[in-house]
Amino acid sequence: MYNIKNSKELASLINYTNLNNMISESEMREFLEKAKELNFHSVVISPTYIPLAKEILSDSAIKIGSVVGFPLGFEDTESKIAETKELVKKGVDEIEVVINLSYLKDERYDLLENEIRQIKEAAGDKILKVVIESKALEDYQKANAAKVAEKSGADFIKNSTGFVSPNHIFENVNDINIIQKYAPKIKIEIYGGIDEYKFANQILTGGADSIGSNNGYEIVKRYKELRENTQVKPKPITLTKKD
């Protein structure tokens, strides 16, 4: 199993996510305060709440991530570039763009590569994550998507928007194996259905570089309860010299 040293390391591998399109400002504040409490690698939120996140997380090291072409990815390239530039202007650290699955299904890899490359250029030095819907793809399509993402300069490939997610560890590990084989330089984030520490640990053991989860707070808190909050008071030991 993946050797997690402590809850701080576990939180550093999780991108705590809340893309609820009906969340209120007070609910988002609560979410961001929870992220701050446990110091996750990043929060992934809608563009609406980026200014609020920058305010609340200003004295933390937590990265701010947001989305482009979410959740369907069928916007034209120009629209995605414009969204990307606006996120950069707002001050995000990481950008997640949903690929155009029509291009992938039609094997228009030239169009797919051109889109990702232009978005990466617009993102500049920000981390770019390319999101696919692996549950809706054949294995060869996953392989081709990974190859194009790596060739286009993306930093990560992410397996799901959360709307169509692999629902078993074996499906996730299969995705990881395919990506590692055909795009060995790109990093991998697994998202969707990860709601407990055991599953998170299996994903990391399977080779993922990071995890996206709506339940990051619960995962880390549960880990702390199990591994760090156990209080044991040993009985005194008396050493007597034998005659």
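The values are calculated or read from the model by the stated rules, or taken from the named source; none is laboratory data. Nothing here was measured: the structure is a model prediction, and the numbers come from that model. When we count neighbours, we look across all protein chains shown, and the Cβ atoms used for this are built from the backbone with ideal geometry, even at glycine. Quick note on the areas: whole protein, heavy atoms, side chains included, nothing else; ligands and nucleic acids left out. Shrake-Rupley method; radii C 1.70, N 1.55, O 1.52, S 1.80 Å.
Need the failing condition index for Val97 against (1) farther than 27 Å from Asn21 by Cβ; (2) in contact with a Gly (Cβ under 6 Å, 6 or more places away or on another chain); (3) among the β-branched types (Val, Ile, Thr); (4) crowded, with 24+ Cβ neighbours inside 10 Å, just the number.
Every listed condition holds for Val97 apart from (1).
This table checks each residue for (1) aliphatic (A, V, I, L, M); (2) farther than 20 Å from Gly153 by Cα; (3) modelled with pLDDT of 95 or more.
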position: Lys5; (1), (2), (3): no, yes, no
position: Ser12; (1), (2), (3): no, yes, yes
position: Thr17; (1), (2), (3): no, yes, yes
position: Phe31; (1), (2), (3): no, yes, yes
position: Lys34; (1), (2), (3): no, yes, yes
position: Ala61; (1), (2), (3): yes, yes, yes
position: Gly65; (1), (2), (3): no, no, yes
position: Asp76; (1), (2), (3): no, no, yes
position: Lys90; (1), (2), (3): no, yes, yes
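Working only within segment 184-199, note down all residues that are outside any loop (DSSP other than H, G, I, E, B) and under 12 Å from the mean Cα position of the chain (by Cα).
Those that are outside any loop (DSSP other than H, G, I, E, B) and under 12 Å from the mean Cα position of the chain (by Cα): Lys187, Ile188, Glu189, Ile190, Tyr191.
Are there any pairs, at least 6 apart or on different chains, whose C-beta atoms fall under 6 Å, with the first in segment 37-64 and more than 21 Å from Lys221 (Cα to Cα) and the second among the aromatic types (Phe, Trp, Tyr) and surrounded by fewer than 19 Cβ atoms within 10 Å (Cβ to Cβ), and if so, which?
Pairs that qualify, where the first residue is more than 21 Å from Lys221 (Cα to Cα) and the partner is among the aromatic types (Phe, Trp, Tyr) and surrounded by fewer than 19 Cβ atoms within 10 Å (Cβ to Cβ): there are none.
Please go through segment 63-89 and give me each residue that is over 18 Å from Asn18 (Cα atoms) and among the basic types (Lys, Arg), ordered by number. Even if it seems obvious, please write down each step before you answer.
Of all residues in segment 63-89, those over 18 Å from Asn18 (Cα atoms) come to 73-86, 88-89.
Of everything in segment 63-89, those that are over 18 Å from Asn18 (Cα atoms) and among the basic types (Lys, Arg) turn out to be Lys80, Lys85, Lys89.
Search segment 200-228 for residues being of a type in the set (D, E, K, R) and not in a helix (DSSP H, G or I), and hand back the single one that is nearest to the chain's Cα centre (by Cα).
Looking at residues that are of a type in the set (D, E, K, R) and not in a helix (DSSP H, G or I), I get Asp209.
Name the residues in segment 33-88 that are under 20 Å from Ala122 (Cα atoms), open to solvent by less than 10 Å² (accessible area, probe 1.4 Å) and of a type in the set (S, T, N, Q), would you?
Once the filter is applied, which keeps residues that are under 20 Å from Ala122 (Cα atoms), open to solvent by less than 10 Å² (accessible area, probe 1.4 Å) and of a type in the set (S, T, N, Q), segment 33-88 yields Ser66, Thr84.
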